[in-house]
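So the structure is just underneath, and the comments pick up after that.
The values are calculated or read from the model by the stated rules, or taken from the named source; none is laboratory data. Remember, predicted model here, so these are calculated numbers, not experimental data. With ideal geometry, Cβ positions are generated from the backbone for all residues, glycine too; neighbour counts draw on all protein chains shown.
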Amino acid sequence: MGKGEFEMRNRIRKIAAVCLLVLALVLSITGCGASQTEAPAPEETAKEDTAAETVSPDNTEETQTAVGKGILVLYFSRTGEQYTVGVIEKGNTAIVAEEISAQTGADLFEVLPEKEYPMTYNELTDVAKEEKNKGERPAYKGELPDLSQYDTVFIGAPVWWGDWPMIMYTVFENNDFSGKTLIPFSTHEGSGLSGFDVKLAEAVPNAEVAEGLAIRGGEVQNDPEAVRGKVSDWLSRLGV
């Protein structure tokens with residue numbers, strides 16, 4: 001091989017090397033540009049999809065339906081002279097009813113008798129005993145709210161002669177509680193729930209009756225924190 005031919009081949013190798021270097025640089029730049037247009041990471045996609053679900057019309061309607069099922073606290077209470085408590089300005093059952101409403105956001109409705117009951121304890125017990133013995137159904141003022149708004153109804157009253165006050169049977173018999181969950185509660189001075197749950201199930205056979213709550217009147221008047229705790233624990237057991 002002559003000297004001139006050797007130098008020619010050497011120049012060709014150098015030119016080829018430069019071309020390969022330039023080609024590699026071009027491919028590297030093109031690859032970087034492509035990476036900037038890749039799809040987002042899976043977790044980013046998941047976040048975007050989740051955000052879209054929270055504002056979809058269908059999901060919004062489902063949430064409103066679940067929250068919109070109403071709760072009512074229906075109760076009969078009494079002021080005046082009470083056994084072991086003295087004269088009270090707010091009835092024991094009214095206080096418990098208001099606590100249930102405060103913890104659940106439920107509506108309240110108080111059953112008020114058309115004919116007022118005696119304010120003294122002894123006279124009241126005589127009237128209550130006579131009503132029970134005769135199976136009377138005392139009238140109450142006005143009308144209950146539209147019960148079709150409510151799936152759950154808490155129903156409370158003081159225990160009179162081991163039973164619901166007769167005025168509450170007027171309520172049970174004059175209104176349609178079919179298909180609802182009824183939850184009884186009582187205030188008392190030693191008689192507990194007095195079978196409120198069983199008697200309610202008998203009076204309203206087409207409803208479901210849940211676990212009841214009984215609280216002493218003396219405790220209601222003198223220990224509001226204890227009452228709040230008992231109501232809270234009870235509601236937790238009920239899942240309300």
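Filter the stretch 55-87 down to residues that are among the aromatic types (F, W, Y) and modelled with pLDDT of 95 or more and give me whichever is surrounded by the most Cβ atoms within 10 Å (Cβ to Cβ). Quick ask: steps written out before the conclusion?
Of the residues in the stretch 55-87, the ones among the aromatic types (F, W, Y) are 75-76, 83.
Pick out the ones that are also modelled with pLDDT of 95 or more and you get 75-76.
On the way: Y75: 26, F76: 23.
Only one residue fits best here, namely Y75.
Give the residue that is surrounded by the most Cβ atoms within 10 Å (Cβ to Cβ), with candidates limited to residues of the stretch 109-142 that are of a type outside the set (A, V, I, L, M, F, W, C) and in contact with a Ser or Thr (Cβ under 7 Å, 6 or more places away or on another chain).
In the first step, residues of the stretch 109-142 are kept if they are of a type outside the set (A, V, I, L, M, F, W, C); the result is 110, 113-118, 120-123, 125-126, 129-138, 140-142.
Narrowing the set further to residues that are in contact with a Ser or Thr (Cβ under 7 Å, 6 or more places away or on another chain) leaves 110, 137-138, 140.
Details: E110: 16, R137: 16, P138: 17, Y140: 19.
Once the filter is applied, the top-ranked residue is Y140.
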For the stretch 189-236, enumerate the residues that are in contact with a Pro (Cβ under 7 Å, 6 or more places away or on another chain) and of a type in the set (G, A, S). G212
Six or more apart or on different chains, Cβ under 9 Å: which pairs go from a residue in the stretch 77-88 that's of a type in the set (D, E) to one that's surrounded by 18 or more Cβ atoms within 10 Å (Cβ to Cβ)? Could you list them? E81/I88; E81/L124
Restricting the stretch 214-240 to residues that are assigned to a strand (DSSP E or B) and aliphatic (A, V, I, L, M), the residue that is surrounded by the fewest Cβ atoms within 10 Å (Cβ to Cβ): A214
Set G156, G162: member being buried (at least 16 other Cβ atoms within 10 Å of the Cβ) and within 19 Å of H188 (Cβ to Cβ): G156
Provide a single number: the residues in the stretch 187-213 that are under 26 Å from Q82 (Cα atoms) and either in a helix (DSSP H, G or I) or more than 21 Å from the chain's Cα centre (by Cα) (or both). 14
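Being of a type outside the set (A, V, I, L, M), at pLDDT 95 or above and surrounded by fewer than 16 Cβ atoms within 10 Å (Cβ to Cβ), is that true of even one residue in the stretch 99-106?
Looking through the stretch 99-106, at least one residue is of a type outside the set (A, V, I, L, M), at pLDDT 95 or above and surrounded by fewer than 16 Cβ atoms within 10 Å (Cβ to Cβ).
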Where the second residue is aromatic (F, W, Y) and the first is in a loop (DSSP other than H, G, I, E, B) and lies in the stretch 162-185, which pairs have Cβ atoms under 8 Å and are six or more apart or on separate chains? W164/F196; P165/F76; K180/Y150
